[in-house]
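This report refers to the structure that appears directly beneath it.
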Amino acid sequence: MPTPPPVELCGQTESRWDARSPLRAFLRTETGSSAFLLAAAATALIWANADPSGYDSFWHTHLLFQIGSSTVSLPLREWVNSGLMTLFFFVLGLEARREFDLGELRELRRLALPLAAGVCGMAVPVCVFLAFNAGQPSAHGWGTAMSTDTAFALGVLAVLGRRMPQGLRVFILVISVVDDFLALGAIAVAYSARIAWTPLFVALALLCVVLVARSLKVRRGLVYALLAAGAWLALLESGVDPVVVGLAMGLLTYAGPASRSDLEHASGLFRLFREQPTPELERSLREGIASALSPNERLQRLYHPWSSYVVVPLFAVANAGIPVSAALLSHAVASPVTLGVFFGFVLGKPVGIVGAAAAVTWLTRGRVQPPAGWGAVAVGGTLSGAGFTVSLLIAARAFHGAELEEAKVGVLGAIVASFVLSWALTGAIGRLPPRARLRALVGRAEGIVDLAVPVDPDRDHIRGPRSGPVTVVEYGDYECTYCGRAEPVIRHLLGSFADVRYVWRHLPLTDVHEHAQLAAEAAEAAALQEGYWPMHDLLLTHQGSLQLADLRRYAEEIGLDTERFEQDVRARAGAARVAEDVESADISGVAGTPTFFVNGLRHHGAYDVDSLSAAVRAARQRAQVGEWRAETGPGRR
């Protein structure tokens, strides 16, 4: 990996080396962590079979913390399940809040389908479990068959390859968030000890203090950490599972893009520090840069790797160990607990998810549809049959002894069956004719449009076909080095995709780039003589030489009337046009450069060849499905 250059405070979307949105980083981290989770589960099984008594006694060892006369003593397994898992649910809460603020769920109408799929994807497995355990004491363990494990589901999706659309990953993620949220509610209500009301009210009061601190814009993380720790201890005393605190704190942490004013403030602090590098200014600079990013994004980047690579694997080691024997397997095959858990996941999950998605689509007459095709949704249903983390968490509270071991057999067996079914279904979709396969994968849902001002062929500067099915819009700054580095990527896209059109819109960051405004106006002056794109190319090639004399030389090089060009530049003939682009950027929430939109959807992620090519291919597929739908007409859908 190359060493990234020094940070340039030009508010760029991201650098090429670590250019990932929180959602993309979340997906990649979950996918990679699935290997750690599998290894941890295998370790637990090996340990439990090699030394059953040692495994059990180790996790029953009590660990005590004492401050003054106050003590907290729990078995090691409980420290993992109720302590470290709080961080796991905190990360899930962060991701859920981000989806509400910035992601697929920021349009409320899109919430109906994943909410219904998440609820039915839990209710149907519970019904299946109860069908096997009706009238028996084991029916109390109905919650074991509810919850999908995000890491396993996305890990299996990665194994199946890149044939599945990005919309399926988002669909599974949103369902998993709803899934875990409801499962956590079930833990708090049905699987907690007798409730002591005084400490419960104390915990609620501390969470109210968190709301007050947030309304007062308190940004000290230590304040929230202490309040969360106090709420956790209070809930532990109340008998309610304290992992609820993690989800609540995550949902209270807002997400949002960096604003132009915050970035300009950070730029000003950087200039002050460069002129006078004192400890006081260094502290102010760090605080200014941190305040430009939303707490949600900063906390996700900080804690998500710990949750995925440490907490969840450690949870697997603590809970997945069962001594496997012929006697256990023979009992499990006929056990209503094992059968209820297994068929709840393998059968109930896909039926609940696909059925709910179909019902919402039918009830809304097609106005609300899943973000992927029905074939992909079916794959998502089978993938959701992989339950692990929350399932084992509930099983440990609902069962003991032999029943607990039988529940674990059902959970682990469902993971294997989920992989096999998903692999078979993916193979079947891959054998469909091209049109049918594309429809099965992409679907008919309309994507969110983030670009506030649509492309106008009579106004915008367009490279490529004027009416191509895929449009890439870049908001750029001629003095921003990252825009210069993105230029070869754009040329590669235009060379690889003949039907892609490219639009440049100006966003000169005048607070950090002295000549950016002049360069943008020079490009518009060149456009008055039909020389926009040659001037554009020269400006990005010579980003360090953008003074008026340099611009005059470029005009002469591309054959413009240099006297007229210089008059137009001095008269600022292009200033109004540049201002229009800047205004459209502000309306679209663009704060830095380069920022890309592909068919109106903001591209969150790396702007390298692979990432932008993938976004273009996905947009082209959606456009093709739209064209076929228009060809068939409303009566043949």
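Details
- Neighbours of Thr541 by Cβ distance under 13 Å: Lys/Arg scored +1, Asp/Glu scored -1, total -2.
- Of the residues Val126, Gln567, Ala498, the one whose Cα sits farthest towards the positive end of the charge dipole of the chain is Val126 (charges of +1 on Lys and Arg Cβ, -1 on Asp and Glu Cβ, taken about the Cα centre).
- Averaging 1/r over every pair of different alpha carbons in the chain and inverting the result gives a Kirkwood radius of 27.2 Å.
- Remark on Arg505: its backbone amide H falls under 5 Å from those of Glu474, Tyr475, Gly476, a criterion applied only to residues 5 or more positions apart or on other chains, H modelled at 1.01 Å from N.
- Over the range 112-220, the hull volume per residue, using the convex hull of the C-alpha atoms, is 179 Å³.
- Rounded percent of accessible protein surface that carbon and sulfur make up, the chain, 1.4 Å probe: 62 percent
- Whole-number percent relative contact order across the chain, with pairs defined as alpha carbons under 8 Å at least 6 apart: 20 percent
- Taking the average, over residues, of other Cβ atoms within 10 Å as the packing measure, peptides 563-570, 437-444, 408-415 rank 408-415, 437-444, 563-570 from highest down.
- Environment charge at Gly246 (Cβ cut-off 15 Å; Lys +1, Arg +1, Asp -1, Glu -1): -2
- Helix 166-190 axis versus longest C-alpha principal axis of the chain: approximately 40°, rounded to the nearest ten.
- For the range 363-390 versus the range 48-82, the gap between their alpha-carbon centres in whole angstrom: 39 Å
- Taking every C-alpha pair closer than 8 Å and separated by at least 6 residues, the mean separation divided by the residue count of the range 304-439 gives a relative contact order of 32 percent.
- For the chain, the solvent-accessible area of protein heavy atoms averages 44 Å² per residue (probe radius 1.4 Å; ligands and nucleic acids excluded).
- Cα-based equivalent ellipsoid, the range 392-467: semi-axes from gyration tensor eigenvalues, Å: 50, 21, 8
- Volume of the Cα convex hull of the range 404-446, divided per residue and given in Å³: 69 Å³
- Entry for the range 501-566 at q = 0.12 Å⁻¹: log10 I(q)/I(0) = -0.26, Debye formula applied to identical alpha-carbon scatterers, no solvent contribution.
- Put a plus charge on the Cβ of each Lys and Arg, a minus charge on the Cβ of each Asp and Glu, and nothing anywhere else: the dipole of the chain about its Cα centre is then about 1920 debye.
- DSSP beta bridges fully contained in the chain are about 70 percent antiparallel.
- Dipole orientation for the chain: of the candidates Val218, Thr382, Ile46, Thr382 has the Cα lying most toward the positive pole (charges on Cβ; Lys, Arg +1; Asp, Glu -1).
- The three principal axes of the Cα atoms in the range 449-510 give end-to-end lengths of 33, 26, 21 Å, sorted in falling order.
- Working ranking of peptides 90-96, 387-393, 236-242 by packing, defined as the average number of other Cβ atoms within 10 Å per residue, highest first, is 387-393, 90-96, 236-242.
The values are calculated or read from the model by the stated rules, or taken from the named source; none is laboratory data. All figures in this text were calculated on a predicted structure; none of them were measured in a lab. FYI the Cβ positions are ideal-geometry reconstructions off the backbone, even for glycines, and counts take in every protein chain you see. Surface areas here come from the heavy atoms of the whole protein model, side chains and all, with no ligands, DNA or RNA. Shrake-Rupley method; radii C 1.70, N 1.55, O 1.52, S 1.80 Å.
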